[in-house]
């Protein structure tokens, strides 16, 4: 561990100043350095088991929802590496103990473990740090990987780590993987099959598959939309996406009678800019917050917060943003869970797993620009049978991952019991 600490410190001295300058320039805050060095308040002993759940950033933190929700009676400590991850954890887990994850320096991790006293450490999606694993192993803290995934790139990275720390995976008692492909990559790293189990993707456990959409009529009625009007919703759009989206909408409006669009910018401060783009495209615009003023707008711009998941319920087709520009995409499962056909751009690196499964099931279609987007929307909005087939495909995908949270919690329960026997 000492050699690794020296490498980390050397890297921090060489790269740290540039990293700090970049954070200042981009106005991105840092998590508390003291907390990341392990200076956290001790967890008071109230008789409950302490379960430490770590997610590196927002996606991993949110993926743990069904898991954390099932840990009844435990004192759950949720950690994240990024400031945004911590903010999301605080908002998502108000009843949990949210803290910054310690740096992977042996003394920082030892201090954190001594103060938190976890009975088990749960690492979301194979977020592995050699010193963290080594310290937990020496302290007798069992480690479980939940919602595990191993991409080709990360697999190569782990092989490099194995050259420096040949046994760094030995401290992990159970690898609960999303699918067989990831499990096979883990086996190729030398992990015995006895420690690997395919349980499904926890992200699906956070979404209820329900195509009934009971609020569809009332949501449409709030804006004067006809109950049978063909509606496409464009969720979490970014700068550079509204242009081709509105170009496609103009083409769809000319081809599909009664077409209406609902546009939900990812960042509400961009609403005035988006409204100007809609007006420039010649579409009649309305605002969600001022729905009494403009009835039945051609394009509804949503200027309120936290409503996207429910507003998917009024649509017939959904486009998920962050995919026509190099952001990497946003939550595909919420609209898929309602049985909506999905159309996305080619930039899917942050949601690739779900995108691949949904595309294979015929739920998701990838387009590369305004013309292809318009063609896809016209076809889907005009073909009720095509939309119905999407429901069947989405149902099969969600069924594949059903029970992932229960299987994960079952393994954790067994680990906790074993930990008590040997503790």
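Restricting to the stretch 260-285, count the residues that are surrounded by 23 or more Cβ atoms within 10 Å (Cβ to Cβ) and more than 20 Å from residue 309 (Cβ to Cβ).
Qualifying residue count for the region: 1.
Okay, residues lined up against (1) within 20 Å of residue 202 (Cα to Cα); (2) out of contact with any strand residue (DSSP E or B) (no Cβ under 9 Å at 6 or more places or on another chain); (3) in the same structural domain as residue 250 (by TED's automatic domain parsing):
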residue	(1), (2), (3)
299	no, no, yes
307	no, no, yes
322	no, no, yes
326	no, yes, yes
331	yes, no, yes
363	yes, no, yes
383	no, yes, yes
407	yes, no, no
411	yes, no, no
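So, residue 168, is that one outside any helix (DSSP H, G or I) and out of contact with any strand residue (DSSP E or B) (no Cβ under 6 Å at 6 or more places or on another chain) or not?
yes
Considering each residue of the stretch 250-267, count those that are without any contact (Cβ under 8 Å) to a residue 60 or more places away in the chain and touching a strand residue (DSSP E or B) at 6+ places or on another chain (Cβ under 7 Å), and give that number.
Number satisfying all stated conditions: 6.
Here is a yes/no grid of residues against (1) within 27 Å of residue 347 (Cβ to Cβ); (2) free of Cβ contacts under 8 Å to residues at least 12 places away in the same chain; (3) touching a strand residue (DSSP E or B) at 6+ places or on another chain (Cβ under 9 Å):
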residue	(1), (2), (3)
240	yes, no, no
246	yes, no, yes
274	yes, no, yes
287	no, no, yes
296	no, no, yes
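Is at least one residue of the stretch 202-211 in a loop (DSSP other than H, G, I, E, B), under 19 Å from residue 144 (Cβ atoms) and either outside the structural domain of residue 63 (by TED's automatic domain parsing) or touching a helix residue (DSSP H, G or I) at 6+ places or on another chain (Cβ under 8 Å) (or both)?
The answer is yes, given that some residue of the stretch 202-211 is in a loop (DSSP other than H, G, I, E, B), under 19 Å from residue 144 (Cβ atoms) and either outside the structural domain of residue 63 (by TED's automatic domain parsing) or touching a helix residue (DSSP H, G or I) at 6+ places or on another chain (Cβ under 8 Å) (or both).
Are any of the residues in the stretch 174-183 part of a helix (DSSP H, G or I), surrounded by 14 or more Cβ atoms within 10 Å (Cβ to Cβ) and modelled with pLDDT under 85?
no
Would you mind telling me which numbered condition in (1) on the phi < 0 side of the Ramachandran plot; (2) out of contact with any strand residue (DSSP E or B) (no Cβ under 8 Å at 6 or more places or on another chain); (3) in contact (Cβ under 8 Å) with a residue 60 or more places away in the chain residue 151 fails?
Every condition holds for residue 151 apart from (3).
Would you mind telling me which numbered condition in (1) in contact with a strand residue (DSSP E or B) (Cβ under 7 Å, 6 or more places away or on another chain); (2) assigned by TED's automatic domain parsing to the domain that holds residue 313; (3) surrounded by fewer than 22 Cβ atoms within 10 Å (Cβ to Cβ) residue 196 fails?
Residue 196 satisfies all of (1) in contact with a strand residue (DSSP E or B) (Cβ under 7 Å, 6 or more places away or on another chain); (2) assigned by TED's automatic domain parsing to the domain that holds residue 313; (3) surrounded by fewer than 22 Cβ atoms within 10 Å (Cβ to Cβ) except (2).
If you check residue 127 against the conditions, is it on the phi < 0 side of the Ramachandran plot, in contact with a helix residue (DSSP H, G or I) (Cβ under 9 Å, 6 or more places away or on another chain) and at pLDDT below 85?
yes
Scan the stretch 199-248 residue by residue and report those that are on the phi > 0 side of the Ramachandran plot and surrounded by fewer than 20 Cβ atoms within 10 Å (Cβ to Cβ).
213, 224, 236, 240
Scanning the stretch 157-178 for residues that are without any contact (Cβ under 8 Å) to a residue 60 or more places away in the chain and under 23 Å from the mean Cα position of the chain (by Cα), which turns out farthest from residue 403 (Cα to Cα)?
As a first pass, look at the stretch 157-178 and keep what is without any contact (Cβ under 8 Å) to a residue 60 or more places away in the chain: 157-163, 166-172, 175, 177.
From the residues that got through so far, the ones that are under 23 Å from the mean Cα position of the chain (by Cα) too are 157-158, 175, 177.
On the way: 157: 31, 158: 29, 175: 16, 177: 13 Å.
Going through the qualifying residues, I end up with 157.
The values are calculated or read from the model by the stated rules, or taken from the named source; none is laboratory data. Treat the numbers as computed from the prediction; the structure is a model and nothing was measured. Note: ideal-geometry Cβ built from the backbone for every residue, glycine included; neighbour counts use all protein chains shown.
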